[in-house]
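Written out below as structure tokens is the structure these notes cover.
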Amino acid sequence: MYRPFDLLLASAFAAVTNAAFSTFVYPADKGNLTFALSAASTGDVYVHLSAPAAYQWVGVGTGSEMSGSVMWIVYAGSDKGGITLSPRLSEGHVEPSFSDQINCALVNGEGYHNSIDRTVSTRYYSANFHCTNVTTLGHGDGKLNLGNAKQPFLYAWGPTDGAISSASNNAGIKRHDSYGTFWMDMTKATTSNSAVAAVPTGAALLSTTNAGADGKAENDGDKVGPAHAAIMLAAFAIIFPLGAVLLRFLESVKIHGIVQAIGVFAAIVGVGMGVYLSTLYNHSKDVSSGHQVFGLILLVLLLCQWAIGFYHHLRFRKYKKPTIYGRIHLFLGPAIVLGGIINGFTGFNFSGDSHNNVYYGIAVAIILVIVFTLLGWKKWSKRRQQKGTQMMDDNEEPEHDHLGLNLLRGSHNVL
């Protein structure tokens, strides 16, 4: 005699056996990513997608590469426990863009729902949706072919540094932390009876069926963004202030010029990386944000500042007296450095990493305290040495210029 549970389980497996579906299950670090699909020969496609909500977003797309892929991205919605489905088209190794051409919508039914579910130790995105025209979109092997016994797909998940929490289908997503490819037998997932096609549920989601992985997921992540931030921090908070400190202590215009030239080069590289980074994301492609525009302005001012300082030094060596260019150089330098430091805060906000402003602010504060302490001590020490002596004329050579570097007053008091 069968127990009620046994009959229920047998019924579920019988339903699965009669249904047309393909399922792919991948054991990600935080839990399983499950993608199950059932289609009707009319082109209607029913999909279940679930994955750990520890990831900022998860996604699956058609094709073996991003170019030409039709993608389904899922992330946390604005309502607590809710999700957002974002159908997107991709045209390369850049952030895919939401497309209203893709006719997909979340559906609710018996045995499934759309939300962030919690198991004993893990929170999961659970998305179930119906698409009517995905077979007409995409290009290359990114075009979904219901007659393909080995249709390629790709999957990816984002970083774990915070939820998106947006109801917008066009919310910005960060670069994937990991990605991989798999295949599905669409002939086994497609039925000619459109009444049978439905979102796969129950036992259909337990294991990989009519599908297979193409190796393990590859680790990736955003490396350009952190590099851009680190280089710009080094240039504006370390190298440029260091050039000013060395000038006061070593009284060598040559060393000052070399250090600042290194800083200018670092800033050029950092801005170049920032420009490249802008091409990867939808919110930055048009280069119109305050952070981007101000950064480009600062770079132009920085090049002018370096040129003004160099020209001032040449004229000073020739005429042995201060120049208006030296005064401009003196005040423009700190202003540019301050602007660069401020733009660092706006940069973290722009990239969606505003939490890093705390660490950035602490690092900048420590560096500035050290710099101002050294400069203040040097100024106090110099005044103490000169106390009781006659102030030098602007055109007199200081007695301590034993290195013969023409460090007359007005020559080295610049940043």
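Could you list, in sequence order, the residues of the stretch 372-381 that are farther than 26 Å from Ala229 by Cβ and open to solvent by 70 Å² or more (accessible area, probe 1.4 Å)? Selection gives Trp377, Lys379, Trp380.
Screening Val369 with (1) within 30 Å of Pro226 (Cα to Cα); (2) at pLDDT below 90; (3) loosely packed, with under 13 Cβ neighbours inside 10 Å gives one miss only, at (2). May I ask you to verify whether Thr346 is over 30 Å from the mean Cα position of the chain (by Cα), open to solvent by less than 60 Å² (accessible area, probe 1.4 Å) and hydroxyl-bearing (Ser, Thr, Tyr)? For Thr346, the condition - over 30 Å from the mean Cα position of the chain (by Cα), open to solvent by less than 60 Å² (accessible area, probe 1.4 Å) and hydroxyl-bearing (Ser, Thr, Tyr) - is not met.
State yes or no: is Leu298 surrounded by 20 or more Cβ atoms within 10 Å (Cβ to Cβ) and either out of contact with any strand residue (DSSP E or B) (no Cβ under 7 Å at 6 or more places or on another chain) or not polar (S, T, N, Q) (or both)? Taking the combined requirement at face value, the residue satisfies it.
For His176, the conditions (1) open to solvent by less than 40 Å² (accessible area, probe 1.4 Å); (2) modelled with pLDDT of 95 or more; (3) more than 22 Å from the chain's Cα centre (by Cα) all hold with the exception of (3).
If the condition is being in contact (Cβ under 8 Å) with a residue 60 or more places away in the chain and surrounded by fewer than 20 Cβ atoms within 10 Å (Cβ to Cβ), then the stretch 67-81 contributes Ser67, Ser78, Asp79. Of all the listed residues (Ala197, Ala203, Ala230, Ala261), the sole one being surrounded by fewer than 21 Cβ atoms within 10 Å (Cβ to Cβ) and more than 30 Å from Ile366 (Cβ to Cβ) is Ala203.
Can you tell me which residues in the stretch 264-274 are out of contact with any Phe, Trp or Tyr (no Cβ under 7 Å at 6 or more places or on another chain) and open to solvent by 10 Å² or more (accessible area, probe 1.4 Å)?
The initial filter retains those residues of the stretch 264-274 that are out of contact with any Phe, Trp or Tyr (no Cβ under 7 Å at 6 or more places or on another chain), namely 265-274.
Once the filter is applied, which keeps residues that are out of contact with any Phe, Trp or Tyr (no Cβ under 7 Å at 6 or more places or on another chain) and open to solvent by 10 Å² or more (accessible area, probe 1.4 Å), the stretch 264-274 yields Phe265, Ala266, Ile268, Val269, Val271, Gly272, Met273, Gly274.
Please tell me if Gly290 is among the small types (Gly, Ala, Ser) and open to solvent by 30 Å² or more (accessible area, probe 1.4 Å).
Details: among the small types (Gly, Ala, Ser): yes; open to solvent by 30 Å² or more (accessible area, probe 1.4 Å): yes.
Judged against the criteria, Gly290 is a match.
Among the residues of the stretch 324-378, what is the count of those that are of a type in the set (Phe, Trp, Tyr), within 25 Å of Met273 (Cα to Cα) and out of contact with any Leu (no Cβ under 8 Å at 6 or more places or on another chain)? Number satisfying all stated conditions: 4.
Within the stretch 96-108, identify whether any single residue is farther than 19 Å from Gly77 by Cα, free of Cβ contacts under 8 Å to residues at least 24 places away in the same chain and open to solvent by 50 Å² or more (accessible area, probe 1.4 Å), and answer yes or no.
The first filter runs over the stretch 96-108 and keeps only residues farther than 19 Å from Gly77 by Cα, leaving 101-103.
Cutting the leftovers down to free of Cβ contacts under 8 Å to residues at least 24 places away in the same chain gives us none.
The answer is no, given that none of the residues of the stretch 96-108 is farther than 19 Å from Gly77 by Cα, free of Cβ contacts under 8 Å to residues at least 24 places away in the same chain and open to solvent by 50 Å² or more (accessible area, probe 1.4 Å).
The values are calculated or read from the model by the stated rules, or taken from the named source; none is laboratory data. The model shown is predicted, which means the values in this text are computed figures rather than measured ones. Note that we place each Cβ from the backbone using ideal geometry, even for glycine, and neighbour counts take in every protein chain shown. Note: accessible area is taken over every heavy atom of the protein model, side chains too, but ligands, DNA and RNA are not part of it. Shrake-Rupley method; radii C 1.70, N 1.55, O 1.52, S 1.80 Å.
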